[in-house]
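Input: a single structure, listed below in structure tokens.
Each reported figure results from applying straightforward, stated rules to the coordinates on display, with no laboratory input. As the structure is a computational prediction, the values presented were derived from the model and not from experiment. Here the Cβ is made from the backbone with ideal geometry for all residues, glycine too, and neighbour counts use every protein chain on show.
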Amino acid sequence: MKNLVAILMMTAAVTVAAKSFAAPPADTLAEVKKKGVLVAGVKDSTPPFGYIDEKTRTIIGYDIDFIHAIARKINVKVELKPVTSASRMAQLQEGNIDMIVATMTKNPERAKQIDFSHTYFFTGQKFITRKGSVKALKDLEGKKIGTTKGSTSEQQARKALPTANVLSYDDYPQAFLALQQGKVFAMTTDESILLGLLAKSPEKSKFEIPNIQISDEPYGIGMRKGDKNFVDFVNKAILELEKSGEAKKIFDKWFGPKTDYHIQRNFKITADK
Ligand code: GLU
């Protein structure tokens, strides 16, 4: 009996080890077709890109609609796994998710580690401040600024405001809470995310987004490095969504004149040069 227990325990340990050391699939497209499900890493507290719908308790948003549109083209189901700005690349590289669709900016540093699709959303980094407290970037010098760990927002804020004290939280709602509680003087990230946070806040009348932009933020879908078939498929899929008008429909659903976050669509999905 003792031996049997020992053998069972060893088998379990080997299974766990095998699972955690299994190499991520080299051809994700083939793997997704085989398993019948596309597993995407998404934000779950970043309206209107990925957040929990109060009625259905499911994650909805701009990013989520892109995932469903791509999954329809592969003819598979969708599974959403919440990720943070700091965890998303490791989750992808470890094979826990097939793709990142999570407000993620494409930049050369990240592109050394993962591959990106063509740009499917375009925004720029700004700030939320108390009304009337900030007129120009210099008003933020030497101040405490809240943002999120592992984001480009953190890097750009340090670059643009070398004397500011940039405090990084786990997600954007926490950074916004710190601003409401007076723990930071301003918070910063992509304008499209700031609009989402403000629109959902009962205290929105006390705050504003001054017209101070410190960077461009093109969003890409993240995939494993060298996963060529999958990258090609996703690129083709999003170009088709642009051509058919579906990409614009998704934009209008989340950012059009009837929404809380209304902005102009100042980009089209085109092939990267
Ligand atoms: N787009 C920026 C980034 O990729 C900020 C939003 C985020 O943290 O996801 O870091």
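Go ahead and set up a Gaussian network model of the chain, Cα springs under 10 Å, then flag whichever of Q155, Q91, Q181 fluctuates most. Top of the fluctuation ranking is Q181. Between the Cα long axis of helix 62-74 and the first principal axis of the chain there is an angle of about 30°, rounded to the nearest 10.
3J(HN,Hα) along segment 103-114: 6, 9, 6, 7, 8, x, 5, 5, 5, 6, 9, 9 Hz, from the Karplus curve 6.51 cos²θ - 1.76 cosθ + 1.60 with θ = phi - 60°, whole Hz, x for Gly and Pro. When shorter helices are ignored and each DSSP H run of at least 4 residues is given -39500 (n - 2.57), the per-residue value for the chain at 222 nm works out to -11500 deg cm²/dmol.
For the chain, what D do you get in µm² per second when you plug the Kirkwood radius from alpha-carbon pairs into Stokes-Einstein at 10 °C and 1.306 mPa s? D, rounded to a whole number, is 80 µm²/s. Each residue of segment 121-128 is assigned a 3J(HN,Hα), and the resulting list reads 7, 9, 8, x, 8, 9, 10, 10 Hz, derived from the Karplus form 6.51 cos²θ - 1.76 cosθ + 1.60 (θ = phi - 60°), x at Gly and Pro. For F49, nonlocal amide neighbours, meaning residues 5 or more places apart or on other chains whose placed amide H falls under 5 Å from its own, are Y62. Principal-axis analysis of the Cα atoms of the chain puts helix 228-244 at an angle of about 50° to the longest axis. May I ask which residue of V231, A160, T28 lies farthest towards the positive end of the charge dipole of the chain, with charges of +1 (Lys, Arg) and -1 (Asp, Glu) on Cβ and the Cα centre as origin? It is A160.
If I stretch the segment between K34 and K248 completely, what's the gain in nm (0.36 nm per residue apart, minus their alpha carbon distance), one decimal? Provide the component values of the computation, followed by the final result.
Numbers: separation 214, 0.36 × 214 = 77.04 nm, distance 3.07 nm.
Between K34 and K248, full extension yields an extra 74.0 nm.
Sort out the exposed loop GluC sites (Glu not before Pro) in the chain (DSSP loop, at most 10 other Cβ within 10 Å) and tell me the longest stretch that has none. If you can, show how the numbers build up before the last one.
Values: sites that count: E54, E203.
My reading of the result: 55-202 is the longest stretch.
Taking amide hydrogens as placed 1.01 Å from N in the peptide plane, the amide H of V37 sits under 5 Å from those of K77, each at least 5 positions away in sequence or on another chain.
Residues whose amide H comes within less than 5 Å of that of Y169, counting only those at least five positions distant or on another chain, are T147, T148, K149 (H built at 1.01 Å from N in the peptide plane).
Of all the options V42, V134, V231, the one that moves most in a Gaussian network model of the chain with Cα springs shorter than 10 angstrom is V134. Annotation for D170 and Q93: the two label points, set 7 Å from Cα along the Cα-Cβ direction, are 2.2 nm apart. Note on the chain: with a GNM built from Cα contacts shorter than 10 Å, the maximum mean-square fluctuation among T46, T123, T58 falls on T58.
If you rank Y172, Y261 by fewest surrounding Cβ atoms within 10 Å, what's the result?
On the way: Y172 28, Y261 20.
Ranking Y172, Y261 by Cβ neighbours within 10 Å, fewest first, gives Y261, Y172.
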